[in-house]
Every structure is written in C-alpha cells, then in structure tokens.
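The values are calculated or read from the model by the stated rules, or taken from the named source; none is laboratory data. Since this is a predicted model, take the numbers as computed values, not measurements. In this analysis, Cβ positions are derived from the backbone assuming ideal geometry, glycine residues included, and neighbour counts consider all displayed protein chains.
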C-alpha cells in the first residue's frame with residue numbers, strides 16, 4: 001500500500017500546485033479595480049475568494065494531524081469582508097495559506113494515512129480530509145477564473161485547451177510522446193499549447 005499512498009500524496013500536492021498556479025495566472029490578467037469588483041450584490045469578488053481560500057487554509061492545515069481543522073481563532077464570516085486590505089496584503093495572505101498547506105502535506109508519511117483527523121468535530125481519514133480541501137479549492141479557483149475571464153472578455157488569454165482545438169491538442173500530445181519528450185505537467189501542456197490564444 002505504501003507506493004499507492006506515496007503516489008496519491010504526490011499527485012494531490014501537484015494538483016494543489018496546479019490550482020494555485022491556475023488562479024494566479026487568471027488573477028494576473030485583472031486590474032486592481034477588477035480584483036475587488038463584485039458583479040452583483042450577492043457575488044464574491046476575486047479578492048474575497050482569495051481571502052476565504054487563505055483563511056480556510058490557515059485553519060485546516062495548521063497542526064493538521066493534531067487539532068481540529070476548524071480552529072477557534074478562525075472567523076469565517078470576516079473572510080467575506082474587505083477590511084482595509086489592499087491587493088498586496090491579500091496576496092501575502094494567499095501565499096501564507098498555501099505555504100501552510102504545502103508544509104503540512106509535505107511532512108506527511110505513509111504511516112500518517114492510518115490516522116484520523118477532525119473537521120468541525122467530524123472524523124475524516126487523511127485521504128478524505130485532503131480530498132475535501134482539494135475539491136473545495138478547485139471550486140473557488142473556478143470562480144476566480146470565471147471572474148477574470150468575464151472582466152477580460154475578448155482580451156482573455158486562455159488557461160486551458162483553446163476552443164475548437166481539442167483534436168489539435170490531442171495530436172500535440174501524441175507528437176510529444178512519439179518524440180520521447182518527457183510528459184509535462186498536465187496544466188502546463190495546455191498552457192504551452194494554447195499560448196497566445198484569446199478564447200476559452
């Protein structure tokens with residue numbers, strides 16, 4: 001089982017890194033004004049999603065194996081309020097949250113996967129806890145990407161396989177494999193292929 005666990009953990013870490021990078025490449029395309037803009041009264045801005053993800057990470061991954069994932073010092077409601085923060089301070093908080101996550105994951109050993117952790121008092125296996133957060137962050141990274149694409153409109157630089165070019169992308173991957181080119185990170189392959197495109 002240990003090779004399976006090690007493979008799972010490495011893939012989970014890579015997936016978290018991919019989602020972080022995807023969000024950052026989307027955010028690079030928006031102005032400061034767009035970063036804080038809400039498209040309607042019920043919607044979150046990119047800034048609020050950034051603050052929420054980082055706040056969640058600080059709570060869930062600090063003392064991951066030894067304390068509940070919902071820390072007593074977390075105030076989730078304030079993660080959806082901008083309180084004198086600017087873009088730079090929120091991005092510092094973002095980096096801190098991700099550093100907490102990667103620090104916790106990179107310290108895990110195969111033996112740790114026999115343990116149980118709690119989130120809001122609910123027991124989780126290590127795999128369940130990781131998957132819970134991986135899907136949670138993917139959901140919010142999708143929101144960031146949607147908002148950034150909305151603001152950029154026709155100026156959007158694609159972060160995935162460009163529309164109408166799926167067959168060409170599959171051929172691109174096949175050609176790389178035939179040439180013996182080392183398999184690239186799955187997100188990087190799409191970015192390299194789609195560089196310069198301005199659509200989905």
*Look through 37, 47, 41 and report the one residue that is at pLDDT 95 or above, over 17 Å from the mean Cα position of the chain (by Cα) and farther than 16 Å from residue 188 by Cβ.*
37
*Of all the residues that make up the range 57-71, how many are under 16 Å from residue 128 (Cα atoms) and assigned to a helix (DSSP H, G or I)?*
3
*Given 54, 88, which one is surrounded by 13 or more Cβ atoms within 10 Å (Cβ to Cβ) and at pLDDT 95 or above?*
54
_Options 93, 102, 4: the member that is out of contact with any strand residue (DSSP E or B) (no Cβ under 7 Å at 6 or more places or on another chain), farther than 13 Å from residue 144 by Cβ and loosely packed, with under 12 Cβ neighbours inside 10 Å_ = 4
